Each structure stands twice: as structure tokens, then as C-alpha cells.
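The values are calculated or read from the model by the stated rules, or taken from the named source; none is laboratory data. Predicted model only: the values in this text are computed from it and were never measured. Cβ atoms come from the backbone with ideal geometry, glycine included; neighbour counts cover every protein chain shown. Protein only, heavy atoms only, side chains kept; ligands, DNA and RNA dropped before computing areas. Shrake-Rupley method; radii C 1.70, N 1.55, O 1.52, S 1.80 Å.
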Amino acid sequence: MASAMTWLKSNKISKWLRIIHRDLGFLMVGVCLVYAISGILLNHMDGKDPAFKTVEEELKVPVGLTNEELTVFWSDHSDLPVLKKILPIDEVHSRLMLVGGVGVYNSATGQIDYEMHKRNALIYWINKLHYNQVKGWSIMADFFAVSLIFFAVSGLFIVKGKKGLAGSGKWYLMVGLLIPILYVMLA
């Protein structure tokens, strides 16, 4: 351990660690924001995908329409979402498959309840990158992961003296390592 510390104390190594840490840090800002923003959104989903906004609507139509009659009624109203098809659920209810949504028709009451899902493009693509669902992104994700390892390790040796690893930094390091260990043990 002492020889490793002596090697890292050399000014050349320290200088290169700072340069690479700094420049790689600037390079990774965009990717870091993608993972950070997406991570916060995904942590607070509460059962709803943050990439989509759901709008619920109600509509009163004539009672007792057959699926064919409901299709004709729907197509006569251009202000309604595009209807793909209607599927029977039971004797009274039918499922409306809409472009970008879904609904239910109650033939006994004439009530249609439907919801439309509108996509927030920015959040949608940030989440797709976070989940590694974009072709070719895994190369960037791996590079980012290796960069994070480099940031963690090189950051240990950039600060010297009382605030560095030999000083108070070692206590922060121990607490930082203990946080996930204790969480897993106590969870």
C-alpha cells in the first residue's frame, strides 16, 4: 500500500489524474444529466410512467349501441380520438382501442370512459437511454460506467493534505462505503 501511495504522490501522476478527471468530467456532463434526471423521475413514478401524461375523458352516447353502431357513431365525430377497434368485454361493456389510448363503453348507461396517453418526448428519450433501449447506446453506457469508476478512484487522490485521503477524507470515504453496506444489511 505504501508503494502505491508513493507512486500516486508523484507530481506527474497527480497532474495527469487531475487533467483526465477534469476533462472527462466536462465530457460526461450531458450523459450524467441523462442518468440523473431520469433516475429522479423513475424513483418517483408512483406507478405512472413519467414519460406519459394521462388525460381521462368521459362521453355520453346513446344507450344500447352495438359495436358496429358505436363504430359509426365514433367515426361521425371528428373531435374524438382515432378508433382502431372495439372488443367485447362482457354483455354490457366493450373495450375501445384508440390510437394513443383506451376506453370502455357501458351500453346500459351510454357512458364511455376513456384515457389518452400523451408522450413527453424529452423525458421519453431520457428514460429510453437510462434503460439502455436505444440501439448502440450500450457502448456509451459502458464508457460512462467506467468513467464513474475512474472519477471515484481518481477523486480519492486528487486532494492532498489535511482534507485528502490521508486526513479527514478517509473518514468520509469510510462513511461513503458504509452507507450502501448498512442499507443492504438493514433493508
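Structure above, values below:
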quantity	calculated
Neighbours by Cβ (under 7 Å, 6+ apart or cross-chain): first from segment 151-167, within 16 Å of H21 (Cβ to Cβ); second aromatic (F, W, Y)	L165/F157
Tally, over segment 34-77, of residues that are over 29 Å from H93 (Cα atoms) and touching a residue at least 40 places away in the same chain (Cβ under 8 Å)	9
Qualifying positions in segment 149-172 - closer than 30 Å to N132 by Cα and surrounded by 13 or more Cβ atoms within 10 Å (Cβ to Cβ)	F150, F151, S154, G155, L156
Scan of segment 69-85 for residues that are open to solvent by 100 Å² or more (accessible area, probe 1.4 Å) and of a type outside the set (D, E, K, R), ordered by number	S78
Counted residues, segment 86-112 - those being of a type in the set (K, R) and surrounded by fewer than 11 Cβ atoms within 10 Å (Cβ to Cβ)	0
Complete set of residues in segment 28-68 that are among the β-branched types (V, I, T) and either farther than 22 Å from K85 by Cβ or surrounded by 16 or more Cβ atoms within 10 Å (Cβ to Cβ) (or both)	V29, V31, V34, I37, I40, V61
I158 vs. criteria touching a Lys or Arg at 6+ places or on another chain (Cβ under 9 Å) and among the aliphatic types (A, V, I, L, M)	yes
